[in-house]
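The structure appears right after this line, and notes come after that.
The values are calculated or read from the model by the stated rules, or taken from the named source; none is laboratory data. Keep in mind the model is a prediction, meaning the values are calculated, not measured. Cβ atoms come from the backbone with ideal geometry, glycine included; neighbour counts cover every protein chain shown. Accessible surface is based on the protein model in full, side chains and every heavy atom, while ligands, DNA and RNA are left aside. Shrake-Rupley method; radii C 1.70, N 1.55, O 1.52, S 1.80 Å.
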Amino acid sequence: MTVIVPEPLLEERNVHGENVEEERSIGGGSLDLDGGFVVPDSNAFGHSFRDYNKESERRAGVEEFYRINHINQTYAFAKEKKEEHGKLQKGAMSIWECVELLNEFVDESDPDLDEPQIEHLLQSAEAIRRDYPGQEWLHLTALIHDLGKVLLHPSFGGEPQWCVVGDTFPLGCAFDQSIVHDQYFKGNPDYNDPVYGTRLGIYTENCGLDKVTMSWGHDEYMYLVMKENGTTLPPVASFIVRFHSFYALHHSGAYTYLMNDEDKEMLKWLRIFNKYDLYSKSKVRINVEEVKPYYQSLIDKYFPPKLRW
Ligand SMILES: O[C@H]1[C@H](O)[C@@H](O)[C@H](O)[C@@H](O)[C@H]1O
Ligand SMILES: [Fe+2]
Ligand SMILES: [Fe+2]
């Protein structure tokens, strides 16, 4: 199968903006994903990133979030939500209007950030823009990747946090132990199901992630919004948005047997993206008015003026 991915990267900068000369190629030679990338020592709270057990002002709330999430995210539930929200009948608005709506939400699942979501969108987009100046599609992908969290908004779903944010995982097959707070899956009705509780469950080896029903949340929703509104961003952008919370896969290497060759190609870009999604989380504020014209020009290029949500 031919996979269309943008051109290889020939230059990389680390998170401090230093140039890291490193040849990379996608599809050809090897891709050294960690080459030169300097991961910050700690998050805004002085702890390691994604440490779900470290005592902090966010720990207990995050654990409670995952307890409820893991008990309620069943295969049947995710199918139902996809059906409901996939109709995109909640309203019409532009990408930037949605960015601004996220000003009022703080993500309860996140141990590393307690800033409004608009800050996170701009922080991740600006960080990736600085290191990959030639990849405008990636800048816009970062800006929009979490817009699905608009489901929290009363006029666009008013959903509880447990079915909007947090890491995602496949349903219809066994829960992997690398998933954050996996102990709570014991309370999930699918846990002991004779089919859903097995390694492959309802899937076949290398069936492709497109066939997999993920736990319902902002990733899948935004993917549907992009698709149904006819974005002209490359397919890999939609893949990044759709699976960016699938840490068991892109971080821990679980569920690789569900991937096909195309997924494997795109996973390389998802891993690059993830560094900026995760490690750009900080207390540094971006001047919205200053950067807005640049992002608006990208939005105009890759999306219609109003989208159905
Ligand atoms: O807490 C975070 C947050 O909800 C992100 O938006 C999501 O992509 C991550 O997977 C999750 O760990
Ligand atoms: Fe996200
Ligand atoms: Fe994010």
Before we move on, is residue 133 within 15 Å of the chain's Cα centre (by Cα), away from ligand 2 (no atom under 14 Å from the Cβ) and not basic (Lys, Arg)?
no
Enumeration of residues in the stretch 104-132 that are more than 18 Å from residue 165 (Cβ to Cβ) and open to solvent by 10 Å² or more (accessible area, probe 1.4 Å)
126, 127, 129, 130
Report yes if some residue within the stretch 216-224 is of a type in the set (Asp, Glu) and within 15 Å of residue 85 (Cβ to Cβ); otherwise report no.
yes
How many residues are within 14 Å of ligand 1 (Cβ to nearest atom), over 22 Å from residue 246 (Cβ atoms) and either small (Gly, Ala, Ser) or in a loop (DSSP other than H, G, I, E, B) (or both) if we restrict to the stretch 94-150?
4
Suppose we filter 180, 164 for residues that are within 16 Å of ligand 3 (Cβ to nearest atom) and open to solvent by 10 Å² or more (accessible area, probe 1.4 Å); which single one remains?
180
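Please specify each residue of the stretch 263-281 satisfying the condition of being away from ligand 3 (no atom under 16 Å from the Cβ) and either basic (Lys, Arg) or over 18 Å from the mean Cα position of the chain (by Cα) (or both).
Within the stretch 263-281, 264, 268 meet the criteria.
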Among the residues in the stretch 222-235, are any within 13 Å of ligand 1 (Cβ to nearest atom), touching a residue at least 60 places away in the same chain (Cβ under 8 Å), open to solvent by less than 20 Å² (accessible area, probe 1.4 Å) and not in a helix (DSSP H, G or I)?
no
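Filter the stretch 52-66 down to residues that are of a type in the set (D, E, K, R) and closer than 14 Å to residue 108 by Cβ and give me whichever is surrounded by the most Cβ atoms within 10 Å (Cβ to Cβ). It would help to see each step written out before you state the result.
Taking the stretch 52-66 and keeping what is of a type in the set (D, E, K, R), we get 54-55, 57-59, 63-64.
Now narrow it down to the ones that are closer than 14 Å to residue 108 by Cβ: 57-59, 63-64.
Numbers: 57: 9, 58: 21, 59: 16, 63: 17, 64: 14.
Per the criteria, the residue is 58.
Give the residue that is most open to solvent (accessible area, probe 1.4 Å), with candidates limited to residues of the stretch 67-103 that are without any contact (Cβ under 8 Å) to a residue 24 or more places away in the chain and either closer than 25 Å to residue 304 by Cα or touching a Cys at 6+ places or on another chain (Cβ under 6 Å) (or both).
Ranking the candidates gives 83 first.
Kindly indicate which of 299, 272, 240, 286 is in contact (Cβ under 8 Å) with a residue 60 or more places away in the chain, more than 16 Å from ligand 1 (Cβ to nearest atom) and part of a helix (DSSP H, G or I).
Details: 272 fails: more than 16 Å from ligand 1 (Cβ to nearest atom); 240 fails: more than 16 Å from ligand 1 (Cβ to nearest atom); 286 fails: part of a helix (DSSP H, G or I).
Checking each option against the conditions leaves just 299.
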Being among the charged types (D, E, K, R) and surrounded by fewer than 20 Cβ atoms within 10 Å (Cβ to Cβ) is the filter here; which residues of the stretch 236-270 pass it?
261, 262, 264, 265, 268
Looking at (1) assigned to a loop (DSSP other than H, G, I, E, B); (2) farther than 20 Å from residue 216 by Cα; (3) under 18 Å from the mean Cα position of the chain (by Cα), which one does residue 168 not meet, given that it meets all the others?
(2)
If I filter the stretch 282-293 for residues that are in contact with a helix residue (DSSP H, G or I) (Cβ under 8 Å, 6 or more places away or on another chain), charged (D, E, K, R), under 25 Å from residue 41 (Cβ atoms) and more than 16 Å from ligand 3 (Cβ to nearest atom), do I get at least one hit?
yes
Check the stretch 171-179 and report whether any residue there is modelled with pLDDT of 95 or more, within 14 Å of ligand 1 (Cβ to nearest atom) and touching a Gly at 6+ places or on another chain (Cβ under 9 Å).
yes
